[in-house]
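Each reported figure results from applying straightforward, stated rules to the coordinates on display, with no laboratory input. Since we're looking at a predicted model, the values are computed, not measured.
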Amino acid sequence: MTIYSVHSPKFQQFLVKKKLVAERTEDGRKDAGMGGFQMPDLENQEPPGIGPLAKAAWRGDASACRKLLDKGAEKEDRDEAGRTVLALASAAGRSEVVKLLLERKAEVEAPDRAGLTPLHWAAKEGHKKEVVLLLEAGANIQAADEDGMTPIKLAALFNQLEVTRELVSRGVDPSPALELVKRFNRCAKTAAYLKEAVASSSTAA
């Protein structure tokens, strides 16, 4: 995987392509750590193109989701970016909805148009509980898109320390994630932890 500078236009394009950041708003607000791009507001910004089940899942309304599923709602419905209901619930940190969808055998590995799975989204947003639920349901901890982006790389890139720790504790090699994040100031917490993890694994070997 090519490692881009955080101020590189190519890196910024990659993040937008993956729907990992939103472009700078009209009022000029931006996340300086992401080179002029702003993180989407997952608490208030409903994804475009979603149906009733996905809307209920996004809100965390497990009761409404159950009723819709019982009435035949398509559990693999997708938004405009190709994210399934399970991916959206995972991204929003809706653990009860994630549990329900997994009970109803939702596809745990379904990629969106950018190649990201529900586990990628849970990891990127730092939702440890949802990460564990997905892994226990058989999600591939090493799932990678066409650019080689794995859950641990996303967790580390977005400074999600607890999720990064969880993935390393489950046997994921911390070295590739460290190589990705060590040059970005915004990833200082995860970079420091990954450096220690790599050193510990080297000592143990």
Remind me, what semi-axes does the stretch 151-192 give for its equivalent ellipsoid, largest first in whole Å, using sqrt of 5 times each Cα gyration tensor eigenvalue?
-> 15, 10, 7
J(HN,Hα) series, the stretch 126-136, from Karplus relation 6.51 cos²θ - 1.76 cosθ + 1.60, nearest Hz, glycine and proline x = x, 8, 4, 4, 5, 4, 5, 4, 5, 5, 5
Over the stretch 75-198, equivalent-ellipsoid semi-axes from the Cα gyration tensor in Å = 25, 14, 12
Taking only C-alpha positions in the stretch 78-138, Rg and Dmax in angstrom work out to 9.9, 28
